[in-house]
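Report on the following structure.
Please treat every number below as a calculation from the coordinates, not as lab data. Values in this document were obtained by computation on a predicted structure and should not be read as measured data. Positions of Cβ are generated from backbone atoms using ideal geometry, with glycine treated the same way; all protein chains shown enter the neighbour counts.
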Amino acid sequence: MKILVTGGSGFIGSALVRFLLREAKVQVVNVDKLTYAASPAALASVETHPGYRFERVDICDRAGLDRVFAEHRPDAVMHLAAESHVDRSIDAPAAFIETNIVGTYTLLETSLAYWRGLDPARRAAFRFHHVSTDEVYGSLGPDGRFTETTAYAPNSPYSASKASSDHLVRAWHHTFGLPTVTSNCSNNYGPYQFPEKLIPLMTINGYEGKPLPVYGRGENIRDWLHVDDHARALWTVLTRGRLGETYNIGGDSERRNLDVVRTICDVLDALRPSAGPSRRSQIVFVEDRPGHDQRYAIDATKIQDELGWRPRMTFESGLLQTVRWYLDNEDWWREIRGERYDGARLGAAPAVAELEPV
């Protein structure tokens, strides 16, 4: 079996590629534009694998995609390529519209033309798996969880662009018959995550003795999912999911942002003790992100009951592993800090409040 993975050099994509090659034992074609957030180093351990191929192609490039499909003849597509950082979507939404909407449309059109040209047996076996986010559902109150039938209510340019791509995939299935499945996941964390995201940013800043900026009062709640558990879930959905269906993937690990940051501080204090006070003293509150959703929580009953998937990693064990990985791989993130992202805040409101000690 040969799988074409878009965005395979990104955080989730690279974890998926490693899983597919090592555990699923399939061939992989990684199609990636290599934007600022890509990490070829995350695939160094498999880049010489006989079943791995890389194609540097933008998913908005129809001619490039046509060539890749014609040359590699995949049996399935797993679509992860996307602009994904909410703060960046506030500063510059155009890139999110282009990649997440236009790029998904272009990939769907390429896949549809390719699928129609397959022989009957291969056409019946072909799958297009669209990987999305729980942010398309908007914000929850104190109770309840997102299910696959929750109404869409995206509140950021990022989530709006992903909601649009979800709807395109649904339409290409129902209108044109393209055999699709979709999954919507909660917040991922783990090794090789670009350091603009909460957990790596707080880990690195905490280690370096810098302020740990927490939006608002840190009351926003997220459901955390280890990226390796997510990769396993994606393979499960691709190979066992029902056509035309959506599956929510969550880690059953709701935490307030402030509690996540405090836990990172405690782990850092245990792994890299300092002569000064606890890293918790580095926490500061900053003006909240515009349109910041209050709470996300995934109801993963459907994927658990229908497909038998459950997360293996607890948040505590996963966070310990993740913080330790960043401490042990300083060269990786220092290169990024020096050349691509210096740790500054993105997506700020017009006027940012002064740092306020906890």
Practice task
State which entries of K33/K210; K25/K302; K33/K162; K2/K33 exceed 22 angstrom in Cα-Cα distance in the structure shown.
Solution key: K33/K210; K25/K302
Exercise for the section: Pick out which of P179, P277, P213 has the largest mean-square fluctuation in a Gaussian network model of the chain, springs linking Cα atoms closer than 10 Å. Expected result: P277
Problem - Inter-site label distance for A275 and T301 at 7 Å from Cα along Cβ, in nm - result: 5.7 nm
Fill in the blank from the handout: The extension gain from Y152 to R123, computed as 0.36 nm times the residue separation minus the Cα-Cα distance, is 7.3 nm
Problem - Pairwise FRET efficiency - R170 versus E330, Cβ, R0 = 56 Å, nearest 0.05 - result: 0.80
Problem - Cα-derived Rg to Rh of the chain, Kirkwood definition - result: 0.96
Completion exercise
Length gained if L112 through R62 is fully extended, taking 0.36 nm per residue and subtracting the Cα-Cα distance, is 16.8 nm
Fill in the blank from the handout: Ranked from fewest to most other Cβ atoms within 10 Å of their own Cβ, M1, M313 fall in the order M1, M313
Problem - Chain lengthening between D143 and V102 when straightened (0.36 nm per residue, less Cα-Cα) - result: 11.2 nm
Handout entry: Most mobile of D91, D119, D342 in a GNM of the chain (Cα contacts under 10 Å)
Key = D119
Fill in the blank from the handout: All alpha-carbon distances of region 49-153, grouped into 5 Å bins from 0, give the whole-percent distribution 2, 10, 17, 18, 17, 14, 11, 7, 4, 1, 0
Fill in the blank from the handout: Amide H neighbours of E254 at under 5 Å, excluding residues fewer than 5 places away on the same chain, with H built from the backbone geometry, are W224
Fill in the blank from the handout: When F315, F11, F126 are arranged by how many other beta-carbons sit within 10 Å of their Cβ, fewest first, they go F126, F315, F11
Handout entry: Sorted by Cβ neighbour density within 10 Å, fewest at the top, the residues L198, L238, L320
Key = L320, L198, L238
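What percent antiparallel are the DSSP beta bridges of the chain, to the nearest 5?
Within the chain, antiparallel bridges account for around 10 percent of the total.
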Handout entry: Residue list for region 229-247, given a label point 7 angstrom along the Cα-to-Cβ vector of S317 and an amide N cut-off under 19 Å
Key = 229-234
Exercise for the section: Mind putting together the pair-distance distribution for region 157-292? All Cα pairs, 10 Å bins, whole percent per bin, short to long. Expected result: 11, 31, 30, 17, 9, 2, 0
Handout entry: FRET efficiency for M1 and Q294, using Cβ-Cβ distance with R0 set to 45 Å, rounded to 0.05
Key = 0.60
